[in-house]
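The values are calculated or read from the model by the stated rules, or taken from the named source; none is laboratory data. Quick caveat: nothing in here was measured; it's all calculated off a predicted structure. Quick reminder, even Gly has a Cβ in these numbers, built from the backbone with ideal geometry, and neighbours come from all protein chains shown. Surface accessibility is based on the protein's heavy atoms, side chains included, excluding ligands, DNA and RNA. Shrake-Rupley method; radii C 1.70, N 1.55, O 1.52, S 1.80 Å.
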Amino acid sequence: MLALVIITGLLAFASSKPCVTEGSNSELLLTLNRNLVRSLESPEGLPNPSVHLALRLSHHHNQSKETDHLNKLKNELHNDIQTSLSNCKTVTGTMALYSLALKSSCYDLNTISFTANDKSETLLTHLKRQMEQEKYHIAFSHRPLTNYYQYSLGVLALCVSGIRVNNHVSHKLIKAAENEHFRHGETESIDTYAMAGMALQCVKNSGSYAHNAEELDLTLNKIKQKLLASRRSDGHIGNEFSTGLAVQALLAMGSEVGDCSVSMEAMRTAARSNTYHNPMAISQTLPALQRKTYLSVKTLDCLNEDDTLVLEPVDPTVVLPSETKVKVMVEVVTASGAAAAYSVDVPKGSSLLEALELLERKNLGFTFQKESSLWGPFLSVVNGEQARQIDRRYWHLSSDGMALTEGVGDFKINATQKITIKNTSY
């Protein structure tokens, strides 16, 4: 991680590159915006509330597409949340993002309800209850039912929606930040620090936290310094896919121009090289590049909005498999530490998911199952062994010893390498 002393030395350089993203960067923003709108046409998975949120925070709109997507959220995603609640599953993060997406369209959240235990209550009432359950779990188990990222999202969604967040709920998040409990496996979770920063800044802005105002200020400053200290030499904070949320948090917490311009330029460079091809990644990056944050949802009025974002017809492209083959060694490490090794030749440019599918078809004993998420598919079962969130475990992926920052559907195999799939606790 980049030391704070180095960051300080960069401020003079950074201040010469303002955060304003107009002029030469406007076409890049329009391209990202169009890519997000095009992603709405994908038939795969549930409608993504994070994508809707980014579209609503954007300067440019395609009102027809956004309205259609809002209706899909209110039907398909709503029904999925209802099914989870009926099965007593905790869905704090999804419910929070759903709330933020509806709020960003100026939708009356009091008209949205779910039924649990034969009782119908509003979306925000259910979210408050989920947060209380998370809080109690922290008290007895020293961790949320889900994770601190989802917990932060819940605090943020309630606060942005004008709901007073229980002081004890906020205090649990403050203490977790103080004690540096925001980790994913063995590494610090910059995404979680960023989301917690936005959530606690919203709580501070609301004036509702009466427990200890000084403690809240100290925690916000600690989060800000943590994000700045995690900035790499190329400007990214954490990695390419956490920088968007980190910049949003810095902006929300009142950072000066010098705190964000280097990271904004890093995101623009990554965007031009098509690093952000996953809709979820774009949805967290685009608001930051437009100097918007999730706190901006609170002041949206949805009046006199732009409606000029038009999608030009795109000719379908057929990508033929490469004739060049590369060897992939796959090592599976179970929770007990037992390891099994396999190898498979795949066309250069294949996704890791495609490589694993080819390996499974070779009938060498390797099997896997996947589940869907807002970021795309992820591994849930490998060689018959589960890695479940309820057990605080996941399948950690690395290539030649380096942790992957992309999922199985996005990571590309372009050279011979060793992929390690390890059942890991967090």
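Looking only at the stretch 374-385, decide whether some residue is in contact (Cβ under 8 Å) with a residue 60 or more places away in the chain and exposed (fewer than 13 other Cβ atoms within 10 Å of the Cβ).
no
Would you confirm, using the coordinates I've provided, whether residue 334 is hydroxyl-bearing (Ser, Thr, Tyr) and in the same structural domain as residue 401 (by the TED database)?
Here the answer is yes, as residue 334 does meet what is asked.
For the stretch 41-112, which helices (runs of 4 or more DSSP H) that fit wholly inside it have 1 or more residues that are under 22 Å from residue 285 (Cα atoms) and at pLDDT 95 or above?
Output list reads 49-57, 63-72, 92-104.
Evaluate the following for residue 423: is it over 27 Å from residue 236 (Cα atoms) and open to solvent by 30 Å² or more (accessible area, probe 1.4 Å)?
no
Can you tell me which residues in the stretch 108-128 are under 23 Å from the mean Cα position of the chain (by Cα), closer than 14 Å to residue 81 by Cβ and not hydrophobic (A, V, I, L, M, F, W, C)?
126
Where residues in the stretch 12-33 are surrounded by 15 or more Cβ atoms within 10 Å (Cβ to Cβ), part of a helix (DSSP H, G or I) and out of contact with any Asp or Glu (no Cβ under 8 Å at 6 or more places or on another chain), which of them is modelled with the lowest pLDDT?
The selected residue is 25.
In the stretch 187-194, is there at least one residue being assigned to a loop (DSSP other than H, G, I, E, B), open to solvent by 10 Å² or more (accessible area, probe 1.4 Å), within 18 Å of residue 221 (Cα to Cα) and in contact with a Ser or Thr (Cβ under 9 Å, 6 or more places away or on another chain)?
Looking for residues that are assigned to a loop (DSSP other than H, G, I, E, B), open to solvent by 10 Å² or more (accessible area, probe 1.4 Å), within 18 Å of residue 221 (Cα to Cα) and in contact with a Ser or Thr (Cβ under 9 Å, 6 or more places away or on another chain), one finds at least one in the stretch 187-194, hence yes.
Do we have residue 405 as hydroxyl-bearing (Ser, Thr, Tyr), open to solvent by 30 Å² or more (accessible area, probe 1.4 Å), in contact (Cβ under 8 Å) with a residue 40 or more places away in the chain and under 24 Å from residue 347 (Cα atoms) here?
Yes; evaluated as a whole, the condition is true for this residue.
If the requirement is being open to solvent by 90 Å² or more (accessible area, probe 1.4 Å), of a type in the set (S, T, N, Q) and modelled with pLDDT of 90 or more, which of these qualifies: 336, 343, 351?
Criteria check complete, one pass: 336.
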